[in-house]
Amino acid sequence: MTEFPETRASGAVEVPPVLVVDDDRSVTASLALLFKQAGIPLRSAHTPDEAIAHLESRPCSLVLQDMNFSRQTSGEEGLELLDRIQTTVPKVPVILMTAWGSIQLAVRGIQAGAVDFVTKPWDNGHLLQLVRTQLSLASATREEANREGLDEQYDFSDIVGEHPAMVRLLNRVARVCATDAPVLILGESGTGKELIADALHRNSGRCHEAFVKVNLGGIPATLFESEMFGHLRGAFTDAKSDRQGRFAAADGGTIFLDEIGDLEKSSQVKLLRVLQDRTYQPLGSSRTERTDIRVISATHRDLLEMVREEVFREDLLYRLNLITLRVPALRERRSDISRIAYHHLRRVGEIYGCDEIVIEDSAYRWLESLEWPGNVRQLRQTIERAVLMSGRRQLRREDFIDPDLAGTTPSGRSLSEIDHLTLEEVERLMIEKSLDRNANNISRAAADLGLSRAALYRRLEKHGLSS
C-alpha cells in the first residue's frame, strides 16, 4: 500500500492531511494513533464550525466525519456538515462514519455527495484501505492515452478494440486498477464485462494473488452462506467435511461477483455485511474470520431501477459502485467488429488446427451492419460456427448465416426485426430459440446461452415461459 508521510524530504511536496471530525475525543485520539502508524498525516476537529474553519484556512486531502454531534442522533447535523463541506471545498472527498444500524443514514449521505461510509466500530485495516483508496483516486490524474499508449503501460491484451468508446473505458480502467476501489461493471450480456474484471485484477497490485470468480446467478439463496463463507463439518445434514468459502479463497486478492443483479434479496444483506467490515463467520463456526479483498462486481441489469422496485438494496449498491464502468454494446462500436472477428478467427484456427482462414471484405462489411444483440459473445460463436460448418479457407457472407437464426422464433417473430425490440424482449426471444433448438433440454439451453441452470430457471419464471 502507498504511504503518505506528513513531511517529505527537503524540496518535496507535503501531502495535505486527512481531517477527522468527531465530537468524541477518544475517537479522534484513536484515529490519530492509527493514521500516524500508517504514515498518513491527520488533523482533528470536534465540532462542525471547527471543521469548516480548518478547511477554510488549510489544505486537506480528505474528510472523515461523524454523523452526530449532540444527543440528537438523527444524523441531520452530519448531513448539514456534509453540505457545508461540499460548499467550502467541493473537490475534497468525504467519508462518513455511522453505526451499523444507521446505514440508511449513510445512504442519504452518499446521495448527498459523500464518496463512501464506514460503520462504527470500524476495522482498522478496512478503514485504512478506504482512506488509501480515496487518496489514490484523488491523485490518479493522467492524460487520456490512445490505445497504443495504453498497451505500452498496461496488459489489455485480451481486449480487442480501438473505437473511442472502448479507449475511454480502458483509460478509466487504467486510472483505477492500481487502487483497491470497489468497481461495478455494467453492460449488456456478452459485451465482455468479465474481460474488464480480468484486466482490473491483472494490472493491480494484487495480480499475483487469487482472482476468484463467482456467478451469483447460479447460487440458490439456501446455499449462499455455505458457498461464500464456507462451512464446518456437521454444520448441516450434507456437510461431510469442512469447506472453504469463496471469500477465504480470495483473501489477499480479488473477488469478482458476476451477475450481482441476480442475487436474492435475502442474501444481499449477508453480502453487505462482509463487504462493509470484511468479516464473516463460516456456517457452524462461532469464530469471526477476516478477509482482505478487492471487490469487482458486474451485471447486465438496471440496478437503479431494481432499487426503485425494492428488489435490490440501495445500501449494497452504494457499497459496490464507488467506481462504475460501462462496457459499450457491440453495435455502439461497429468499427471494432472486423477487428474482433479477425482476432477470434485466428484463435479458432489455432484451437482446431485449421489452415490459415480469411474472411472476404464483403462479409466483413455485412458483419458490421448487423445489430448483434448477443454482442461479442454472439460474434465469437458466429465466427466459430462458420469455420466449423463451412470447411472453407475463405469465408463468405453466406457462411455466417445460421439457418436457425434466419428463420422465426416460436413466437413467430423474425430475428431480422430484433433491433426494434427492447432488451427484455430480445432476452425472451433468445431463450425461446435456445429452448427450441435444444428440444427443451434445460442444461443444454443454459450452456448455449452462457447461463447456469439456476439463472435460466429464474429467467424462465421472469418471462412466464415453460420448459
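The values are calculated or read from the model by the stated rules, or taken from the named source; none is laboratory data. Since we're looking at a predicted model, the values are computed, not measured. Using ideal geometry, Cβ is built from the backbone for each residue, glycine included, and neighbour counts are taken over all protein chains shown.
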Task: Yes/no for residue 173 being within 30 Å of residue 248 (Cβ to Cβ) and either assigned by TED's automatic domain parsing to the domain that holds residue 299 or touching a residue at least 24 places away in the same chain (Cβ under 8 Å) (or both) - done: yes
Task: Count of the range 30-46 residues which are under 18 Å from residue 120 (Cα atoms), in a helix (DSSP H, G or I) and either without any contact (Cβ under 8 Å) to a residue 12 or more places away in the chain or not aliphatic (A, V, I, L, M) (or both) - done: 3
TODO: Would you point out which residue out of 171, 124 is modelled with pLDDT of 85 or more and under 30 Å from residue 19 (Cα atoms)?
DONE: 124
Task: Pairs where the first residue, in the range 266-286, is touching a residue at least 12 places away in the same chain (Cβ under 8 Å) and the second is among the hydroxyl-bearing types (Ser, Thr, Tyr) and buried (at least 19 other Cβ atoms within 10 Å of the Cβ), C-beta under 8 Å, 6+ apart - done: 274/280; 274/291; 276/119; 277/119; 278/291; 279/291; 280/291; 283/226
Open item on the list: For the range 47-136, give me every one of the strands (runs of 3 or more DSSP E) that falls completely inside it and has 2 or more residues that are more than 21 Å from the chain's Cα centre (by Cα) and over 16 Å from residue 277 (Cα atoms).
Closed with: 62-66
Task: Filtered residues of the range 347-378 (kept if at pLDDT 90 or above and more than 21 Å from residue 398 (Cβ to Cβ)) - done: 375, 376, 377
- [ ] Kindly indicate which of 188, 209 is at pLDDT 95 or above and in a loop (DSSP other than H, G, I, E, B).
- [x] 209
- [ ] Within the range 3-22, track down each residue that is more than 26 Å from residue 91 (Cβ to Cβ) and either at pLDDT 90 or above or not in a loop (DSSP other than H, G, I, E, B) (or both).
- [x] none
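Here's the yes/no breakdown for (1) more than 25 Å from residue 318 (Cβ to Cβ); (2) in contact (Cβ under 8 Å) with a residue 24 or more places away in the chain; (3) among the hydroxyl-bearing types (Ser, Thr, Tyr):
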{"site": "132", "(1), (2), (3)": "no, yes, no"}
{"site": "146", "(1), (2), (3)": "yes, no, no"}
{"site": "151", "(1), (2), (3)": "yes, no, no"}
{"site": "155", "(1), (2), (3)": "yes, yes, no"}
{"site": "177", "(1), (2), (3)": "no, yes, no"}
{"site": "181", "(1), (2), (3)": "no, yes, no"}
{"site": "201", "(1), (2), (3)": "no, yes, no"}
{"site": "205", "(1), (2), (3)": "no, yes, no"}
{"site": "217", "(1), (2), (3)": "no, yes, no"}
Open item on the list: If I ask for residues that are crowded, with 17+ Cβ neighbours inside 10 Å, closer than 16 Å to residue 333 by Cα and either touching a Phe, Trp or Tyr at 6+ places or on another chain (Cβ under 9 Å) or charged (D, E, K, R) (or both), which ones from the range 148-205 would you list?
Closed with: 160, 170, 188, 190, 193
Open item on the list: Go through the range 327-360 and report how many residues are outside any helix (DSSP H, G or I) and buried (at least 18 other Cβ atoms within 10 Å of the Cβ).
Closed with: 5
- [ ] For the range 278-291, indicate whether the set of residues that are assigned to a helix (DSSP H, G or I) and either surrounded by 17 or more Cβ atoms within 10 Å (Cβ to Cβ) or among the hydrophobic types (A, V, I, L, M, F, W, C) (or both) is non-empty.
- [x] no
Open item on the list: Given the criteria out of contact with any Pro (no Cβ under 7 Å at 6 or more places or on another chain), buried (at least 20 other Cβ atoms within 10 Å of the Cβ) and of a type outside the set (D, E, K, R), does residue 115 qualify?
Closed with: no
